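J.: Before anything else, here's the structure in question.
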Amino acid sequence: MLSPNDKKLEKLDPFYRPSVSKQKTSAEIISEARNALRTVRTQRPLTPLEDQRKLFGSASSRTPENRPPSSFSVHASSFESSDSKPISGTRLSPLELKPKAPASPATEEDPCPSFPKPPVDPAKIRRISSARARLFRAASQGALLPDRTLPPTQPKKRVESKETVMMGDSMVKINGIYLPESNAFGHLKSHPLQLTYDGDISEIKEQEVFKGTTPLPSHLRSGGDQGKRCSRASSCPSSSDQSRLDTKAGSKADLQEKDTEIEVNEVFWNTRIIPILRELEKKENIEMLCAACTQLHHTLEEGNMLGNRFKRRTILLKTLYKLVDVGSDLLSLKLAKIILALKVSGKNLLNVCKLIFKISRSEKNDSLIQNDSILESLLEVLRSEGLQANTEAFLYCMGAIKFISGNPGFLNEMIGKGAVEILLNLIKQINEITEKSGTCLPNSGHLLVQMTATLRNLVDSPLARSKLLSISALPQLCTVMGQYTGDKDVCTNIARIFSKLTSYHDCCVALANYSRCYALFLNLINKYQKKQDLVVRIVFILGNLTAKNNQAREQFCREKGSFPTLLSLFHTFYELDLHSRKRVEEGDDRPPARRPPAQAEDVLIKLTRVLANLAIHPRVGPAIAAHPRIVGLLLATLEYKSIDDCEELVINTTATINNLSYYQVKNSVIQDKKLYIAELLIKLLVSNNMDGILEAMRVFGNLSQDHDICDFIVQKNVHKFMIALLDAKHQDICFSACGVLLNLTVDKDKRVILKEEGGIKNLTFINSG
């Protein structure tokens, strides 16, 4: 029987009701209650640094016999003496040029001069350009041009000094050098022009010919009498044809400029390049060789002699190849930079990429690479060379770039030079080739490993992430994952990229909006279920996608087999963790807190986070709460794991149970096992871990709406612990304790108990405060 004071207290408004109450709407009540549902955060899986720089790390799924080597030697003999890329057009076979000599010496009546003999050396014959070769072939068949009389020969040039060259009466001065003024076609004997013929005289075109090829006769320059015949392999144009040539050739000034450019290049080669090559041939010491290489590169650039159109390029390359055997990394980098600037191809491109790769394997050479700006040369290879024709060269080029990208000091330079765009363009090319042919490009998997590993390093930069979003890179990476599902290394690298990207809101939203990614991730989980390094990252990505996006939660759950896949994964790693812990405990004397975390444990941490995030969805949450096997595994994890043994897993599991306990549905397994759950939570309440205590209090806050749980709390004296927590300085803990005690006051008999323990007094004080 209640005392008079208790009867007075019973008539008063409940102590938890504010003095000026404002009735809340149903929506506000539901919204406030749903705030108890929380997403769970976890750390990104750690990628250990490799001890050595290799094409494929120690964790690679590739066997040594199924992957290109990371160690090899490159010597001068590895290079081909002549580059596989011809100087101009298609390489032609040598021509048999046998012009007939005139019957009598040239006179005024018969001004046809004697012809120079064709080069005897076949190597020289091959250097005749393809267009000129076509001209002489057509002439030898007698179907090119009608015979014409040759004009008088040109006056011979005379040299008055080292700086003055005389020819005829006119002189021009260019860059401090005096050269003769040319007529409409220039002095072809000194710097001839090449005429290409396409079947009609009007289509004859003027082109520059490298000095050293057989000069054209002077009648092609100045015309001749129609009654005379020239006994040369080709015939002479008429005066009307000549006028059309003049029209196509352009102005006299333009021709002078072209002729002078050729003559100045010849002088430039002899006066500027040859002395440097002689210095290189001496091989006196590394320092002098490096200085000469630097000077050579600048001089070639100054003379516009870089690229693959320079005639003396073969001579230059032979000299550079010989120096590779010196064996200096610094010198080799300088040699490689010049060789790449000369646009080598085929085997030579492969070998120079291997040379740079070999040097970049040592971190101590990073400073040399940065000082010589070799990165720009490597990126230019990827930008300008053909992917399908140079896949192996691209592989070692990308391997070197991958090593460089591992040094944070290179990131800004790489991104500024367009590395992100170049790599994504190559990935797009590979995707298109695969989609078109239905099969993967040979060795493209090896190349993609290097490319995706490089992107993984680059995405640490905010600028790189912004670029990836602007060029829609995420769908392209998903496409690669789908096409190369059987290549675990490629999939793991892309998963690492997504792990980093989805840690940022804008990137996470972009991937979440790509609806095909969910089926892709589920497929990979099923395929590589026991491959922890890949699975843990995919689950981490799913946790990021479902953390703040209700649409992503729904989209994932709509995918066929989503829950069976998660359940199977949970069971697999639960068993692995259980057995691994037993083995560790049998042979490890260290306390649990000081033992390294098990790999299986990390997967469980990320997986329980996904379940907690999915449970927030109003339709998904009740379905998980009603799933006996999922709830059973969660409770089993709480049963055999202590918070001292694995704090993050226990807290994530408790948070998942908290979200599921929010749903008061008839078929909820959580409600059926509420007393067993309450028993498990007591272990957390008595721990010294404040985060664990808070999660346990939150679950009790949901479960204490049930009468049986309220009785359990009183029987186990949990309410006393709750009252003590009202004085805690931790606001969230204090708030959660208030919620549990308020639920206890629903029963009248519990109010008396709370009053006797001082709970009502403390609650009133907190409420008024």
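J.: So, Leu448, is that one out of contact with any strand residue (DSSP E or B) (no Cβ under 7 Å at 6 or more places or on another chain), touching a residue at least 12 places away in the same chain (Cβ under 8 Å), surrounded by 21 or more Cβ atoms within 10 Å (Cβ to Cβ) and not small (Gly, Ala, Ser) or not?
T.: It is true that Leu448 is out of contact with any strand residue (DSSP E or B) (no Cβ under 7 Å at 6 or more places or on another chain), touching a residue at least 12 places away in the same chain (Cβ under 8 Å), surrounded by 21 or more Cβ atoms within 10 Å (Cβ to Cβ) and not small (Gly, Ala, Ser).
J.: Further, regarding this structure: Can you spot a residue in the range 412-435 that is buried (at least 17 other Cβ atoms within 10 Å of the Cβ), part of a loop (DSSP other than H, G, I, E, B) and polar (S, T, N, Q)?
T.: No, the range 412-435 has no match at all.
J.: Within the range 499-509, is even one residue surrounded by 23 or more Cβ atoms within 10 Å (Cβ to Cβ), touching a Leu at 6+ places or on another chain (Cβ under 8 Å) and farther than 21 Å from Ala612 by Cα?
T.: Filtering the range 499-509 for residues surrounded by 23 or more Cβ atoms within 10 Å (Cβ to Cβ) gives 501-502.
Retained after the next criterion (residues that are touching a Leu at 6+ places or on another chain (Cβ under 8 Å)): 501-502.
Add one more test, that the residue is farther than 21 Å from Ala612 by Cα, and what stays is 501.
Yes; the residues of the range 499-509 include at least one that is surrounded by 23 or more Cβ atoms within 10 Å (Cβ to Cβ), touching a Leu at 6+ places or on another chain (Cβ under 8 Å) and farther than 21 Å from Ala612 by Cα.
J.: Does Ser377 satisfy the condition of being assigned to a helix (DSSP H, G or I), surrounded by fewer than 17 Cβ atoms within 10 Å (Cβ to Cβ) and within 30 Å of the chain's Cα centre (by Cα)? If you could, list the steps in order and put the result at the bottom.
T.: Numbers: assigned to a helix (DSSP H, G or I): yes; surrounded by fewer than 17 Cβ atoms within 10 Å (Cβ to Cβ): no; within 30 Å of the chain's Cα centre (by Cα): yes.
Spelling it out, it is not the case that Ser377 is assigned to a helix (DSSP H, G or I), surrounded by fewer than 17 Cβ atoms within 10 Å (Cβ to Cβ) and within 30 Å of the chain's Cα centre (by Cα).
J.: If I filter the range 356-368 for residues that are without any contact (Cβ under 8 Å) to a residue 24 or more places away in the chain and either surrounded by fewer than 17 Cβ atoms within 10 Å (Cβ to Cβ) or part of a helix (DSSP H, G or I) (or both), do I get at least one hit? Before you say what the answer is, go through the steps one by one.
T.: Just the residues of the range 356-368 that are without any contact (Cβ under 8 Å) to a residue 24 or more places away in the chain, to begin with: 364, 367.
Within this subset, residues satisfying the condition of being either surrounded by fewer than 17 Cβ atoms within 10 Å (Cβ to Cβ) or part of a helix (DSSP H, G or I) (or both) are 364, 367.
Yes, because at least one residue in the range 356-368 is without any contact (Cβ under 8 Å) to a residue 24 or more places away in the chain and either surrounded by fewer than 17 Cβ atoms within 10 Å (Cβ to Cβ) or part of a helix (DSSP H, G or I) (or both).
J.: Does Lys282 satisfy being closer than 25 Å to Gln370 by Cα and among the basic types (Lys, Arg)?
T.: Values: closer than 25 Å to Gln370 by Cα: no; among the basic types (Lys, Arg): yes.
Taking the combined requirement at face value, the residue does not satisfy it.
Conditions (1) assigned to a helix (DSSP H, G or I); (2) basic (Lys, Arg); (3) in contact with a Gly (Cβ under 9 Å, 6 or more places away or on another chain), marked per residue:
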position	(1), (2), (3)
Pro442	no, no, no
Cys478	yes, no, no
Asp489	yes, no, yes
Thr492	yes, no, no
Ala495	yes, no, no
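J.: Just the residues that are in contact with an Asp or Glu (Cβ under 9 Å, 6 or more places away or on another chain), within 12 Å of Ala612 (Cα to Cα) and among the aliphatic types (A, V, I, L, M), please, taken from the range 650-687.
T.: Ile651, Ala655, Ile657, listed by residue number.
J.: Only one of (1) surrounded by 19 or more Cβ atoms within 10 Å (Cβ to Cβ); (2) within 18 Å of Ile733 (Cα to Cα); (3) not polar (S, T, N, Q) is not met by Met690, so which one is it?
T.: Of (1) surrounded by 19 or more Cβ atoms within 10 Å (Cβ to Cβ); (2) within 18 Å of Ile733 (Cα to Cα); (3) not polar (S, T, N, Q), only one is false for Met690: (1).
J.: Starting from the range 479-505, keep only residues that are among the aromatic types (Phe, Trp, Tyr), then list their pairs with residues that are not in a helix (DSSP H, G or I) whose Cβ atoms are within a distance under 8 Å, requiring at least 6 positions of separation or different chains.
T.: Correct list of pairs: Tyr484/Cys440.
J.: Across the range 457-474, what is the total count of residues that are in contact (Cβ under 8 Å) with a residue 40 or more places away in the chain and either surrounded by fewer than 19 Cβ atoms within 10 Å (Cβ to Cβ) or closer than 19 Å to Leu545 by Cα (or both)? It would help to see each step written out before you state the result.
T.: First, pick out the residues of the range 457-474 that are in contact (Cβ under 8 Å) with a residue 40 or more places away in the chain: 457-461, 463-465, 467-469, 471, 473-474.
Now drop any that are not either surrounded by fewer than 19 Cβ atoms within 10 Å (Cβ to Cβ) or closer than 19 Å to Leu545 by Cα (or both), which leaves 459-461, 463, 465, 468-469, 471, 473-474.
Here the count works out to 10.
Here, each number is a calculation from the coordinates, and none is a lab measurement. Everything quoted here is computed from the prediction, not taken from an experiment. Glycine gets a Cβ as well: all are built from the backbone with ideal geometry, and neighbour counts include every protein chain shown.
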